[in-house]
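Below is one structure, written out as C-alpha cells, with a few remarks after it.
The values are calculated or read from the model by the stated rules, or taken from the named source; none is laboratory data. This structure is a prediction, so every number in the text was calculated from the model and none was measured. Glycine gets a Cβ as well: all are built from the backbone with ideal geometry, and neighbour counts include every protein chain shown.
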Amino acid sequence: MKWLKRILISLGILVVICVGGYVVYNVAYATGETTGYDCGYSEGESVGYSSGKQDGYEVGKTDGYSLGKQDGHEEGYISGKADGYSLGKLEGHDEGYSSGRTDGYAEGMEAGLGHGYTLKDPTYEQAATFLRGDRTDNNEYVEDTYVCSHFARDVCNNAEQGGFRCAFVEIRYSDGGHAIIAFNTIDEGLVYFDAITDERVRPVVGKPYYLCIEPRPGYYYVKPSYDDTIRDILVIW
C-alpha cells in the first residue's frame, strides 16, 4: 500500500505543478502580450507618425508650393500691372507733356514770328558787338535805290537772325525824315543807332537830328542844308 500512496502523492504533486505552470503560463502570456502590444504600438505609432509626417510634408509642400506659386503669380501680376500702368502713365504723361510743349512752342513761335528761333533783348555791349560785326554799313548808299530805310531793314533782319530783337525806327522831320534802328537793352534801356554809320543816336523831339548823333572820335557833324528838327519818333518792333 505504500507504493500506492507514493503514486497518489506523486500525481498530486504533478497536478499541482501542471496547474501552477498553466497559471504561470497564462500570467506570463498575458503580461508578455500586454508588454508586446504596448511596445509594438508605441514603436508602430512612432514609425507611422514619422512616415506619415514625411509623406504629409512632401504632399503638403508640393500642393502648398503649387497653390502659393499660383496665388503669388496672380497677386504679383495684378500688383505689377497696376504699378507698371501707373508708372508708365506718369512717364508717358511727362514725356508727352515735354514733347508736346516743345513742339507746340516751336510751332507757335513759327506761326507767330514766321521762324523757329527765339528773340531776346541784348545788353548794350551785345548790341554794340553785333553792330561792329555786322557789315550792312559797308553797303553803298544809292539815292532812291538803297537808302536809310534799306540800311535799317537789313540791320533789323540780321539782328533777328542773330537772336536779338531790333526795332525799325522812323525819325520824322517837318519835311521828310530818316530811318534808324533801336535795341531795348536789358542794362541801359532803349538805345538807338544809325544803321548807315553804326553810331549811337540819342533822338529828342524838338532837337535837330545831327545834334543827336554821337560821332566817332575825331568826327563831327555840321548842320545839313535842310531842317532835320525831329518832330516825331516812331519805334516799330
Can you tell me which residues in the stretch 174-196 are in contact with a helix residue (DSSP H, G or I) (Cβ under 6 Å, 6 or more places away or on another chain) and part of a loop (DSSP other than H, G, I, E, B)? Asp187, Glu188, Ala195, Ile196
Residue satisfying condition, being part of a helix (DSSP H, G or I), within 23 Å of Thr123 (Cβ to Cβ) and at pLDDT 95 or above, within set Val155, Val169: Val155
Which count do you get for residues in the stretch 130-150 that are surrounded by 13 or more Cβ atoms within 10 Å (Cβ to Cβ) and out of contact with any strand residue (DSSP E or B) (no Cβ under 7 Å at 6 or more places or on another chain)? 6
Checking the structure you have, find out if any residue of the stretch 85-92 is surrounded by 10 or more Cβ atoms within 10 Å (Cβ to Cβ), over 27 Å from the mean Cα position of the chain (by Cα), modelled with pLDDT of 65 or more and in a helix (DSSP H, G or I). no
Specify the residue that is nearest to Phe151 (Cα to Cα); the eligible residues are those in the stretch 198-231 that are modelled with pLDDT of 95 or more, in a loop (DSSP other than H, G, I, E, B) and among the aliphatic types (A, V, I, L, M). Ile230
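Can you tell me which residues in the stretch 217-237 are at negative phi, without any contact (Cβ under 8 Å) to a residue 40 or more places away in the chain and of a type outside the set (Val, Ile, Thr)?
Pro217, Tyr219, Tyr220, Tyr221, Lys223, Pro224, Ser225
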